[in-house]
Structures are given as structure tokens and as C-alpha cells.
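Here's the structure we're looking at; comments come further down.
The values are calculated or read from the model by the stated rules, or taken from the named source; none is laboratory data. Keep in mind that this is a model prediction, so the values were computed, not measured. Cβ coordinates were reconstructed from backbone atoms using ideal geometry, including for glycine residues, and neighbour counts include every protein chain displayed.
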Amino acid sequence: MGAIKNIQEKLGRFILKKESKNIQRNVKAFSIDNASTIGIVYDATNRNDAEIVKNFVQYFKEERKDVLSIGFINSKDSSEVVTSHLNYVYFDKKNLSSTNVPKGNEVENFINKPFSILIDLNINDCFPIEYINSLSNAKFKVGAKGSYRDDVCDLVIDIDENNKIEYLIIQLKRYLKMIKN
């Protein structure tokens, strides 16, 4: 990472830390059965991962859940690759400030929506996804163990033995069905 990119990310992290202090969440564990709204945040750069997430969203729709996903595409212009529709919102580098902070109505609406469960399907570090997860108003946040998710998520799942999005989804389904409330 170049010196300028490094400074930009440090400024972004400073902004996130400052904005995180204003977040007041009423944390409540939800099972899949009891959740009414589910948000999914993920890195949609890899088309295969994006298709896996679409299947996951479909699973929740079949469970009669109100589900919305937001995917970050690490590209300057993703408009010819994908377009946002119904349950799928995308943003790319055009939607980032100079400090890598995601901006725009869709990002703001996603952050402010009081999801029952927010699922972070990010396996690698991605600051725009970290930003959205950290500031989300979701009541229950879940994701893979490691990095920022250890501090932000209410439930983290260890996937070191199989560090793939498919395995994370299998484990999330399993553990979110176990919760009794």
C-alpha cells in the first residue's frame, strides 16, 4: 500500500472511530426463526462469491424474511457488471470518499435500517464493509472470527479450518438456528 493510500485509510479509521462513539445499540440475539429483517454485507468483487450470496438471500426469502444485501465491488465502475435491484444493492470505488468511507443514499439507508440480524460475510479485511458493519443499527451482528469483526459482531464464528464463504454460510445457518429466544 502506498503512503498516500495508507494515510487515507488511517483518516478513514479515525472517522469511523469518531462516528462509532455515537452508536447506541440495543443488542438482542435473534434466531433465523425469530428474525424479521436480515441484512447481509459482503465483498461482491468475486462473481462466484456474489452468486453464493444470491443463493443465501434466496434461502432467507424462502424462509419469508425481509432481506437486503449490500455488496462492495472493488472497482472504479461496476455499473456495466451489475445493477442494484430489489434485494441486492451494490457500491464501488466511485461511492467511496477520499478516506475510503462509503457514501451515498443506499449505503446510508442500509446502515440506518434496524435489521434483526446483520450478517457480515466478509472473510478478508475490507474497510468499506467494516465501516458499514461498525455503524449499522442492527440488533444482532454476526460474522467470521478475526479482524474488526471480533470487536463489532455479537457472534463470531471460527472458520479457520475452511476459510471460505460457503463454509461460513453453512456455519451461520447452523448456529443461527440454535439460538432460542
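Go through segment 115-157 and count every residue that is touching a Pro at 6+ places or on another chain (Cβ under 9 Å) and on the phi > 0 side of the Ramachandran plot.
0
Under the condition of being modelled with pLDDT under 90, of a type in the set (A, V, I, L, M, F, W, C) and part of a loop (DSSP other than H, G, I, E, B), which residue from segment 75-122 is nearest to Ala35 (Cα to Cα)?
Per the criteria, the residue is Leu86.
From Ile40, Ile23, grab the single residue that is closer than 21 Å to Leu135 by Cβ, in contact with a Leu (Cβ under 7 Å, 6 or more places away or on another chain), modelled with pLDDT under 95 and not in a helix (DSSP H, G or I).
Criteria check complete, one pass: Ile23.
So in segment 97-115, with the set limited to residues that are touching a Gly at 6+ places or on another chain (Cβ under 9 Å) and surrounded by 15 or more Cβ atoms within 10 Å (Cβ to Cβ), which one is farthest from Lys65 (Cα to Cα)?
Only one residue fits best here, namely Thr99.
Just to be sure I understand, how many residues within segment 146-181 are out of contact with any helix residue (DSSP H, G or I) (no Cβ under 6 Å at 6 or more places or on another chain) and either in a strand (DSSP E or B) or among the aromatic types (Phe, Trp, Tyr) (or both)?
Residues flagged as out of contact with any helix residue (DSSP H, G or I) (no Cβ under 6 Å at 6 or more places or on another chain) and either in a strand (DSSP E or B) or among the aromatic types (Phe, Trp, Tyr) (or both) within segment 146-181 amount to 3.
Which of (1) surrounded by 19 or more Cβ atoms within 10 Å (Cβ to Cβ); (2) in contact with a strand residue (DSSP E or B) (Cβ under 7 Å, 6 or more places away or on another chain); (3) without any contact (Cβ under 8 Å) to a residue 24 or more places away in the chain does Lys145 not meet, given it meets every other one?
Only one criterion in (1) surrounded by 19 or more Cβ atoms within 10 Å (Cβ to Cβ); (2) in contact with a strand residue (DSSP E or B) (Cβ under 7 Å, 6 or more places away or on another chain); (3) without any contact (Cβ under 8 Å) to a residue 24 or more places away in the chain is unmet by Lys145, namely (1).
Consider Asp49 against the criteria (1) in a loop (DSSP other than H, G, I, E, B); (2) of a type in the set (D, E, K, R); (3) farther than 26 Å from Ile179 by Cα: it satisfies all of them except one. Which criterion is unmet?
For Asp49, the exception is condition (1).
Test each condition in (1) among the small types (Gly, Ala, Ser); (2) part of a helix (DSSP H, G or I); (3) farther than 23 Å from Asn74 by Cα for Ser134 and report the one that comes out false.
(3)
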